[in-house]
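We did not get these values from a lab; they are worked out from the coordinates using the rules stated. For clarity, every value in this text was computed on a predicted model and none was experimentally measured. Note: ideal-geometry Cβ built from the backbone for every residue, glycine included; neighbour counts use all protein chains shown.
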Amino acid sequence: MTFNIHWPAETVTATIDEIRDNIGREVEVYVKVAGEACPTCTLDVTTNLSADPFCPTCSGTYWINTLSGWSVNAHVRWRSTDQPKYTPGGIIDEGDCHITIKYTEAALSNIQNSDHFIVDSRDMYMKNYKLRGAPEPNRITVTLLEDND
């Protein structure tokens, strides 16, 4: 015999938000808001990159992105390097950090258009993201890798 526990949706949302408010930290997400053409070089229409791969202005990308910072309260979990995921095919890199934020259409758009993240004063970039929650998504989990450049 199976038992299902039903919680009112507003109770679940309020509880999750309260937990995130108590244990969460501010994360800075840098979002691409505009792409401007490089004034120095020309566009290669075949690759949508610069015709000059050594352009000093755009570094060969042709598009110069304008970034905007967005602060969000997130549950941050750092992955220990002592915990690799072993599989028959080898070791899988699951990311250095996982952050979980509240799902909204604006938050999803910002995650999808993100350039990089600042988490605990570390520069990170996104590996992937997943929508979590049932039956409707109520949070976004983002897997980040540390930028070691």
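Every residue, every condition in (1) touching a residue at least 12 places away in the same chain (Cβ under 8 Å); (2) surrounded by fewer than 14 Cβ atoms within 10 Å (Cβ to Cβ); (3) among the polar types (S, T, N, Q), yes or no:
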| position | (1), (2), (3) |
| --- | --- |
| Val33 | yes, yes, no |
| Thr40 | yes, yes, yes |
| Leu49 | yes, no, no |
| Phe54 | no, yes, no |
| Thr61 | yes, no, yes |
| Ile64 | yes, no, no |
| Trp70 | yes, no, no |
| Asn73 | yes, no, yes |
| Arg77 | yes, yes, no |
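Is there a residue in region 20-31 that is surrounded by 12 or more Cβ atoms within 10 Å (Cβ to Cβ) and in contact with a Leu (Cβ under 8 Å, 6 or more places away or on another chain)?
Yes, some residue in region 20-31 is surrounded by 12 or more Cβ atoms within 10 Å (Cβ to Cβ) and in contact with a Leu (Cβ under 8 Å, 6 or more places away or on another chain).
Hey, could you check region 102-117 for residues that are of a type outside the set (A, V, I, L, M, F, W, C) and free of Cβ contacts under 8 Å to residues at least 60 places away in the same chain and say which is nearest to Asn22 (Cα to Cα)?
Top of the filtered list is Tyr103.
Of all residues in region 1-18, count the ones that are aromatic (Phe, Trp, Tyr) and surrounded by 11 or more Cβ atoms within 10 Å (Cβ to Cβ).
0
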